[in-house]
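> Below: one structure in structure tokens.
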């Protein structure tokens, strides 16, 4: 891990700066997964996240509850990020409305996922502590773009493993909204709303090898 | 797994969909999923009936050909819009980029149908009303939002995980296109709220019918 980190430039250095608290002794698998996904995204770009998640979940059997708990952890992150951004991002006008909308959407995703996990007889993971290192509007926008693109890749990577059709459609319903968020944020950054014709991870074997050191 | 069995029935689906604090978005989502309350079969799926895409082929081939038909339509639409001269500069660049991405979807879906041993759906002849930049953007927004909803409506019907992964990869790009066009139009990027609503095949086909001339 350290070799690769030092030899290769970070694709998303701001992503690597996100701190997910791992002081607690009962670090949940979802937190470990999230940390790995963020690390993979930081080093190799968000396209690397999907296969990482797929592999990591597959290694542990990855039932629907586990997939949903991973999604929940990502949504906790996004929800907290936008909630904080209401005061931290110094957004105004159109962007301020967008931040409010995104905060609301992500909070609804959190609630829906918690409810679904409970209905399936599972236990929603606890919300980790996050520390977002950014400053100002441009710092916020940059990190937001990475989170949203990462979210899309993570859902797209994990969704084919979902067993229940209902859960799959619900996940699809959420990932489409993440993709819409990603496009909106990208436009704010004056970037292509859809940088490529396909949102999935492509180079699976190579990426898997590279991210294995991140899997606890 | 006991949970899985319970989930398969429409009753538990309602329970599942009831999560999220009674938001109207989820209520709309539920409505879009149909209300076949008498059915207890485990093959009940979110897109409606199992044979919704039967006219396009069997199983995954039918779903892929349905998607291919929509992608042909989108590709032709953007091609016509580029040629129309109604757009310049960055708007034209965006439209051209979206059109190129739809063309890539056509290629990928054609390949996928062939790899499953199926026959790709023919390219439909299309005609679009291209009156003004504004009306064209509105139509583009309608088409992209519909396309995203169409993919979402079929996701749970797909059998092959590989085909599903490909469809999801396209689905979110359609969502991105839709959001970008909604932004240009000054409309909400998430018109369905926090949960995108799927569309079934009859709804989608009825909406695109006016543009198919042969």
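The values are calculated or read from the model by the stated rules, or taken from the named source; none is laboratory data. What you see is a predicted model, and the numbers here were worked out from it, not measured in a lab. Using ideal geometry, Cβ is built from the backbone for each residue, glycine included, and neighbour counts are taken over all protein chains shown.
> Please go through region B:73-106 and pick out each residue that is more than 13 Å from chain A (Cβ to nearest Cβ) and touching a residue at least 24 places away in the same chain (Cβ under 8 Å).
Of everything in region B:73-106, those that are more than 13 Å from chain A (Cβ to nearest Cβ) and touching a residue at least 24 places away in the same chain (Cβ under 8 Å) turn out to be B:73, B:76, B:77, B:80, B:81, B:84, B:86, B:87.
> Does residue B:70 count as under 22 Å from residue B:160 (Cβ atoms), within 14 Å of another protein chain (Cβ to nearest Cβ) and either surrounded by 24 or more Cβ atoms within 10 Å (Cβ to Cβ) or in contact with a strand residue (DSSP E or B) (Cβ under 6 Å, 6 or more places away or on another chain) (or both)?
Here the answer is no, as residue B:70 does not meet what is asked.
> Within region B:124-169, work out how many residues are touching a strand residue (DSSP E or B) at 6+ places or on another chain (Cβ under 6 Å) and under 14 Å from residue A:169 (Cα atoms).
Of the residues in that region, 2 qualify.
> Let me ask something else. Answer yes or no: is there a residue in region A:69-78 that is in contact with a strand residue (DSSP E or B) (Cβ under 7 Å, 6 or more places away or on another chain) and at pLDDT below 95.
Yes, the conditions are met somewhere in region A:69-78.
> Only one of these is surrounded by 22 or more Cβ atoms within 10 Å (Cβ to Cβ), closer than 20 Å to residue B:204 by Cα, within 14 Å of another protein chain (Cβ to nearest Cβ) and within 12 Å of the chain's Cα centre (by Cα): B:168, B:146, B:109. Name it.
B:168
> Hand me the list of helices (runs of 4 or more DSSP H) wholly inside region A:89-200 holding 2 or more residues that are surrounded by fewer than 19 Cβ atoms within 10 Å (Cβ to Cβ) and either in contact (Cβ under 8 Å) with a residue 40 or more places away in the chain or more than 9 Å from chain B (Cβ to nearest Cβ) (or both).
A:93-119, A:136-158
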